[in-house]
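Take a look at the structure set out below.
The values are calculated or read from the model by the stated rules, or taken from the named source; none is laboratory data. Remember, it's a predicted structure, so these values are computed and weren't measured experimentally. Neighbour counts run over all protein chains shown; Cβ positions are idealised from the backbone, glycine included. Surface areas here come from the heavy atoms of the whole protein model, side chains and all, with no ligands, DNA or RNA. Shrake-Rupley method; radii C 1.70, N 1.55, O 1.52, S 1.80 Å.
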Amino acid sequence: MNLEQRKRWNENHKQLTGLIFAVDKHAQAIELFLNQHALLHSSPMSPSGVTTLEDHLLDQMAEHVFRTYPVKVPGTKNSIAWHLWHITRIEDMTMNVLLNDENQIFEIGDWKDKLQVNYIHTGNGMTEEEVADLSLNINYSALLAYRFEVGRRTREIVASMLPGQFNQKVDPTRIKKLGDHGAVKQGESWLLDYWGSKRLGGLILMPATRHLFLHLNKALRIKEKLQKKP
């Protein structure tokens, strides 16, 4: 996904913002979402054959680059490991619980043990010691597999939504469910409040698309700095 493709992604996201709440544009909004979302996960997730932003990030990425913490790039000091964990946990929570009233993929797939982490929350508010621990110990292959499962399920959920559903407010009982299941670290309840203020279409526009795009770009800047040829 080159610079021109990223510019086009931003333009299409603006178009999606204008379509998502229009009931008569529901099918068009879903099609555009699926195209946008596909570019933020690995290319095997969709049949387009286009090199995605995640493909670009993972291509020939050294493991030490994935785990290095802290880093010094604009907008972050967190590791690539943390960024991938963070966006995947949030996509899992918002799409499966808040949109679809299901359990998280993380919970039903024994992913805590597979990922070899001691954390179940989004990663917001982690201490430096916790980010360092996650960055060092998370299972790289399991994280990519978890991302794939989360992304695949997101596409199924959004594709099955009916006209008008994007305009529905987030159900407060689903927010409570996330809180009860430790979705956010103590002191980070603002994130639940933020999600609770949204319509379902708003979650499509941020956690499921824009949020991934922003963090993958940060991760790519980390990779480019750490693997920069002398």
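Annotations for the structure displayed:
- Looking at R147, R155, just one residue is modelled with pLDDT of 95 or more, over 25 Å from N118 (Cα atoms) and open to solvent by less than 70 Å² (accessible area, probe 1.4 Å), and that residue is R155.
- Any chance A27 is at pLDDT 95 or above, more than 19 Å from the chain's Cα centre (by Cα) and either open to solvent by less than 40 Å² (accessible area, probe 1.4 Å) or among the aliphatic types (A, V, I, L, M) (or both): yes
- Of the set (1) buried (at least 21 other Cβ atoms within 10 Å of the Cβ); (2) in contact with a Lys or Arg (Cβ under 8 Å, 6 or more places away or on another chain); (3) among the β-branched types (V, I, T), all apply to I120 but (1).
- If only residues of the range 97-114 that are in a helix (DSSP H, G or I) and open to solvent by 80 Å² or more (accessible area, probe 1.4 Å) are counted, the one that is nearest to K177 (Cα to Cα) is I108.
- Complete set of residues in the range 11-23 that are assigned to a helix (DSSP H, G or I) and touching a residue at least 40 places away in the same chain (Cβ under 8 Å): H13, L16, T17, V23
- Listing of helices (runs of 4 or more DSSP H) fully contained in the range 25-95 that carry 2 or more residues being farther than 27 Å from Y119 by Cβ: 26-38
- Some residue of the range 35-43 being more than 17 Å from the chain's Cα centre (by Cα) and either open to solvent by 40 Å² or more (accessible area, probe 1.4 Å) or modelled with pLDDT under 95 (or both): no
- Among the residues of the range 148-157, none qualifies, meaning not one is of a type in the set (F, W, Y) and more than 18 Å from the chain's Cα centre (by Cα).
- Within the range 123-144, considering residues that are open to solvent by less than 40 Å² (accessible area, probe 1.4 Å) and part of a loop (DSSP other than H, G, I, E, B), the one nearest to A81 (Cα to Cα): I138
- Residue within the range 62-69 that is open to solvent by 20 Å² or more (accessible area, probe 1.4 Å), of a type in the set (D, E) and more than 16 Å from I157 (Cα to Cα) present: yes
- H181 modelled with pLDDT of 95 or more and of a type outside the set (D, E): no
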